[in-house]
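Here's the structure, in structure tokens; my notes come after.
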Amino acid sequence: MKGLPLSPTRGRGLIIGVPWFWLGLFFLLPFLFVLKISLSEPVLAQPPYLDLIREVEDGLVSISLNFGNYLLLWEDPLYRSALFGSLKISAISTLFCLLLGYPMAYAIARAPSHWRLPLLMLIILPFWTSFLIRVYAWIGILKGNGLLNNFLIWSGLIDQPLEILHTPLAVYIGIVYSYLPFVVLPLYATLVRLDLTLLEAAADLGCRPWKQFLTITLPLSLPGVIAGGMLVFIPVVGEFVIPDLLGGPDTLMIGKLMWTEFFSNKDWPLASSLAAVLLVVLIIPFVALRHFEQREETI
Amino acid sequence: MRRRFPLLMTALLFGYAFLYGPILSLIVYSFNESRLVTVWAGFSTKWYGELLQNQQLLDAAWLSIKVAATTACGAVVLGTLAALALVRFRRFRGRGTLQVMVTAPLVMPEVIIGLSLLLLFVAMQDSIGWPDGRGQLTITLAHTTFAMAYVTVIVQSRLAHMDQSLEEAALDLGARPLKVFFTITLPLIAPALAAGWLLAFTLSLDDLVVASFVSGPGATTLPMVVYSSVRLGVSPEINALATIIVLFVSLAVAIAGVLLYRQEKRALREQNQG
């Protein structure tokens, strides 16, 4: 135990126990309640659901499980298309984040070393300013008489303003804009550690730059691609603010639907079952992310 | 690089323009005379004046700052403990679960975190009577939970790259573990703690979704006010508020950057002397 600053078992127990207890109570346990409420029936009451376990008479307890919410999610095409719509929007915007973020990360990793930190800081800085306000900025740019349309009309490229706000395109722009730093950072981390002698050897042997990239750089940076991609893909599937502010009524996303069920329709059980489904869907990409992070740790 | 990869330079410049253009447009139009945000009608600072008259917004900002400051302190304590546990204790029961519990909040959609915590708070109030009602306390608890995950990641990487020989030397010389922690470990990881505090603060200040779920009547945070006003359309007042936030954050990051730079230079000098 030499070298541990708080090696006595009591200290060790506290260091492990306190954060474990906190996260267990406020992060893990709540999922059980999501599962429980998703199986209950909605009622007009406060809180608006029937408890699963009810005392019918003295000592006699009834447990009723209601799978109706899940059945509804399965049968109503609205929810199915919202789920698949979210997955599609999330996948496409992850791809665009990677397409834009990869060259940026590559350029920073190959920049002179005293330039790298300031360039990285410039990537992170927008992440520190308000997310809500950065999404809001795009309303002013994309709307009918917004900056982009004004500019395009002024420059004579178009006569009629383009309709971009409240379309899927606006949602894609908003997502790529907000989540770009999340792909640049892990990509930079893998690209900066790339062994340049491999590329030199390939070049000496007559390998063309494009082939060098495809056969050496890209495969070696794959962990960064997956980590960055998952850091965008997972949260975007449940995104609410961007589709709500930039999307139109036809932009169906599951996070927005959950918000509506909860706040407008006050249907807590249905919102809970949507959350449970979303959670199950996201487990696979999350496991992939963990897998690659663990590999990073061992390297 | 410039000679060999003109394409890369273009991508980098385009990327930065994409990241900063919208923020710049917000700042420019916050000084616009006209209420129509996108039509320029001359320079004016009147929206900043109106911002200071908006009592609802000021109250919300004050509540948000209180929540963010408490959250940041709580998240730094809990996040540091979690990072210590994960870096210093290689084997213990529940290590895997702890690792997952500090990674998951980073990517978990906010709607799930918000809803699940609300259901927990409702159930807890029903069964043990605490927390009594929802408001500042429940928002702070919820924010601390997801902010501590970010702090853990930052402190974890600092601890992993830290030279442990100083601690070992102090322990060998008979210093008590707690004293070693406060006189050696803590000063060495202080920059990470400062960065974690600032990040937790801004994350809490910025959160709309989780706060909307776990808040109750009477507790309205700044993002909630901004959101309801943004839903009605663009308003120059929000532009003015955005400009203030951007300036504030840039200043904080610049100060943090200078501090880190100085510390690194000093460490380098000491290394060269020794």
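The values are calculated or read from the model by the stated rules, or taken from the named source; none is laboratory data. Owing to the predicted nature of the structure, the values given are computational and were not obtained by experimental measurement. Neighbour counts run over all protein chains shown; Cβ positions are idealised from the backbone, glycine included.
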Regarding the stretch A:155-172, can at least one residue be identified that is within 12 Å of another protein chain (Cβ to nearest Cβ), assigned to a helix (DSSP H, G or I), of a type in the set (Val, Ile, Thr) and surrounded by 15 or more Cβ atoms within 10 Å (Cβ to Cβ)? no
Quick one: in the stretch A:247-290, which of the residues that are within 17 Å of the chain's Cα centre (by Cα) and surrounded by fewer than 16 Cβ atoms within 10 Å (Cβ to Cβ) is nearest to A:LEU187 (Cα to Cα)? A:VAL287
Go through the stretch A:124-138 and count every residue that is at the interface with chain B (Cβ under 7 Å from one of its Cβ atoms) and part of a helix (DSSP H, G or I). 10
Within the stretch A:253-271, can you find the residues that are of a type outside the set (A, V, I, L, M, F, W, C), farther than 26 Å from A:SER93 by Cα and touching a helix residue (DSSP H, G or I) at 6+ places or on another chain (Cβ under 7 Å)? A:ASP267, A:PRO269
For the stretch A:209-228, check the following and say yes or no: at least one residue is within 12 Å of chain B (Cβ to nearest Cβ) and touching a Phe, Trp or Tyr at 6+ places or on another chain (Cβ under 7 Å). yes
Taking the stretch B:94-146, which residues are part of a loop (DSSP other than H, G, I, E, B) and either more than 8 Å from chain A (Cβ to nearest Cβ) or surrounded by 17 or more Cβ atoms within 10 Å (Cβ to Cβ) (or both)? B:MET108, B:PRO109, B:GLY129, B:TRP130, B:PRO131, B:ASP132, B:GLY133, B:ARG134, B:GLY135
For the stretch B:155-181, enumerate the residues that are surrounded by fewer than 24 Cβ atoms within 10 Å (Cβ to Cβ), within 28 Å of B:PRO109 (Cβ to Cβ) and at pLDDT 90 or above. B:GLN156
Among the numbered criteria (1) touching a residue at least 40 places away in the same chain (Cβ under 8 Å); (2) outside any helix (DSSP H, G or I); (3) not charged (D, E, K, R), which single criterion is violated by B:ALA240? (2)
Please enumerate the residues belonging to the stretch A:209-231 that are hydroxyl-bearing (Ser, Thr, Tyr) and either modelled with pLDDT under 90 or assigned to a helix (DSSP H, G or I) (or both). A:THR215, A:THR217
Given the residues B:VAL253, B:VAL180, B:VAL258, B:VAL209, which is the only one that is farther than 26 Å from A:LYS143 by Cβ, touching an Asp or Glu at 6+ places or on another chain (Cβ under 8 Å) and within 12 Å of another protein chain (Cβ to nearest Cβ)? B:VAL180
Condition (residue is within 7 Å of chain B (Cβ to nearest Cβ) and touching a residue at least 24 places away in the same chain (Cβ under 8 Å)) applied to the stretch A:256-271: is it met by at least one residue? no
Just wondering, is there one or more residues in the stretch B:195-209 that are farther than 24 Å from A:LEU23 by Cα and either assigned to a helix (DSSP H, G or I) or at pLDDT 90 or above (or both)? no
Scanning the stretch A:183-202 residue by residue, those more than 16 Å from A:PHE292 (Cβ to Cβ) and not in a helix (DSSP H, G or I) turn out to be A:LEU194, A:ASP195
Looking for something assigned to a helix (DSSP H, G or I), touching a residue at least 60 places away in the same chain (Cβ under 8 Å) and surrounded by 21 or more Cβ atoms within 10 Å (Cβ to Cβ) - is there at least one such residue anywhere in the stretch B:248-268? no
Starting from residues that are assigned to a loop (DSSP other than H, G, I, E, B) and either out of contact with any Asp or Glu (no Cβ under 9 Å at 6 or more places or on another chain) or modelled with pLDDT of 90 or more (or both), keep the ones in the stretch A:139-154 and report whichever is nearest to A:VAL237 (Cα to Cα). A:LYS143
